[in-house]
Amino acid sequence: MVATVTSLGRSGLHDWIIQRLSAVIMLAYTLYLTYFVISTGDVTAAAWQALFATTFMKVFSLLALGSIVMHAWIGLWIVSTDYMPKLAIRMAFQAFVIIMCLALMIWGIQILWSI
Amino acid sequence: MKFSIYRYNPETDKKPYMQEFDLEVPEGSDMMLLDAMLLLKDQDATLSFRRSCREGVCGSDGMSINGKNGLACITPLSSLKTPIVVRPLPGLPVVRDLVVDMTQFYKQYEKIKPYLITNDEPPAKERLQSPEERAKLDGLYECILCACCSTSCPSFWWNPDKFVGPSGLLQAYRFLIDSRDTETDERLADLDDAYSVFRCRGIMNCVDVCPKGLNPTQAIGHIRSMLLKRGV
Ligand code: SF4
Ligand code: SF4
Ligand code: FES
C-alpha cells in the first residue's frame, strides 16, 4: 500500500472511477452543446442566455465543470508524480493545479448563479 | 557479424560507452545471441553479463537487444538486424556492463507476498484443487522473473519504488486467483492505492516483450475488476 496525500480520491480505485465517470459526463455535455449550436442555427446572445437560464442547464453545467476540475486534478497529479521527480517542483505544481481547480469551480458557480 | 555492446565499469569508466565487436559466424549456423556473446567474451574477457541455463528457463540473461528486451539465450542471431546493439535492461542501475541491480524489481515481487497464505485448518493430506481451479494458474505460473517486462514499462521507470510493475502484478494475480489462498481480500486491500496497480496505463510494452509469451496487461485487468467488485 502506497500512501498519498495530494491525490483527489482516497484510493487508486476511487480516482480511477472518478476519472471514467467524469469523462462520460464531459462527453455528454460536449455532445449536448454541439447539438444545441447545430440545431439552433443562429446562436444569438439571447438564445445562449435562455439556454443557461434553465435549471437543467445550470445543474448540467455545474456537473460538467465539476467533472473537468476533478478530471484535471487526477490527471495532472498523475503526470506530476510521473515526470516531476524534484520534490519542490512537484509540490509547487500540485499546489498550483489544486488552487486553479478550486478557483475555477468557484468562478463557475458564480457565473451560473448570476444568470 | 557486427556487434555494438554497452560497456560500463563504474570503478574505472567515467561514463558508459559502446564497444564494437566483429565475429566470424560460420555459414549456415544459427546460434543464439548468448552463444555469440560467449565467443565475444573470448575476445575480451572483461565483458560481463549474467547467464545460467542457456535455454530460456532461469531468466538471468534479460537484456535490451536491438532496442527490445529479451533473453539472449533464446534469441537467434538470424532474427536480428546487424549491427546487433546490446544494452542492459533499461531503468535499473548498472552494476557492470550488462549486469543490472535488480533489487527494486525483487522488492516489488516481495511486496505482493508471492506464496500461498491459508488461514483455515490444514487438511489431513493436502489442499486439493480441481482441474478447473488449477487451469486458472496457466499463463501466470510460468513467469521466470526475467524482468524484461517491468524494465520495458515506462510506469515502472518513473516509479519503480511504488508501481508494482507487470511482473509483480502477474504474480499478484497468480495468488489472488489461486483457490487455495484465503488472503484474497487483504491482498486486494494492499493493492488499492494510486500507484501499485493503477499506474498501469495499458501501453502493453510488457506483453510485447515477454519471452514466455505471458500477458501481464490481462492479469492487471483482472486485478482491476477484482478491486472494482470489492469496492463498488
Ligand atoms: S500494460 Fe501496464 S504494466 Fe504493461 S508495460 Fe504498459 S503500463 Fe506497464
Ligand atoms: S512476465 Fe514475462 S517478461 Fe515479465 S518477468 Fe515474467 S517471464 Fe519475464
Ligand atoms: S540463460 Fe537462463 S534464461 Fe537465458
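What the table shows:
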item	result
1 or more residues away from ligand 1 (no atom under 16 Å from the Cβ) and out of contact with any helix residue (DSSP H, G or I) (no Cβ under 8 Å at 6 or more places or on another chain): qualifying helices (runs of 4 or more DSSP H) within region B:170-232	B:184-191, B:216-231
Looking only at region B:47-65, and only at residues there that are within 13 Å of B:ASP35 (Cα to Cα) and more than 12 Å from ligand 2 (Cβ to nearest atom), the one that is surrounded by the most Cβ atoms within 10 Å (Cβ to Cβ)	B:PHE49
Hits in region A:31-90 - residues which are part of a loop (DSSP other than H, G, I, E, B), more than 21 Å from the chain's Cα centre (by Cα), surrounded by fewer than 15 Cβ atoms within 10 Å (Cβ to Cβ) and on the phi < 0 side of the Ramachandran plot	A:ASP42, A:VAL43, A:THR44, A:PRO85, A:LYS86
Close pairs from region B:189-218: first more than 12 Å from chain A (Cβ to nearest Cβ) and under 16 Å from B:GLN108 (Cβ atoms), partner modelled with pLDDT of 95 or more and not in a helix (DSSP H, G or I), Cβ under 8 Å, at least 6 apart	B:CYS206/B:CYS149; B:CYS206/B:CYS153; B:PRO216/B:CYS149; B:PRO216/B:CYS210
Contacts under 8 angstrom Cβ, first residue in region B:46-69 being among the basic types (Lys, Arg), partner within 11 Å of ligand 2 (Cβ to nearest atom) and open to solvent by 70 Å² or more (accessible area, probe 1.4 Å), 6 or more apart	B:LYS68/B:ASP208
Qualifying residue in region B:153-171 (condition: more than 9 Å from chain A (Cβ to nearest Cβ), among the small types (Gly, Ala, Ser) and in contact with a Gly (Cβ under 9 Å, 6 or more places away or on another chain))	no
Failed condition for B:LYS68, given (1) touching a Cys at 6+ places or on another chain (Cβ under 7 Å); (2) open to solvent by 80 Å² or more (accessible area, probe 1.4 Å); (3) not aliphatic (A, V, I, L, M)	(1)
Test for B:CYS143: is it within 16 Å of ligand 3 (Cβ to nearest atom), in contact with a Ser or Thr (Cβ under 6 Å, 6 or more places away or on another chain) and outside the structural domain of B:VAL86 (by TED's automatic domain parsing)	no
Any chance B:PRO90 is within 16 Å of ligand 1 (Cβ to nearest atom) and either open to solvent by less than 20 Å² (accessible area, probe 1.4 Å) or within 14 Å of another protein chain (Cβ to nearest Cβ) (or both)	no
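The values are calculated or read from the model by the stated rules, or taken from the named source; none is laboratory data. On a predicted model such as this, the values are computed, not experimentally measured, just so you know. Every residue, glycine as well, gets a Cβ built from its backbone with ideal geometry; the counts of neighbours run over all protein chains shown. With ligands, DNA and RNA removed, areas are computed over all heavy atoms of the protein, side chains included. Shrake-Rupley method; radii C 1.70, N 1.55, O 1.52, S 1.80 Å.
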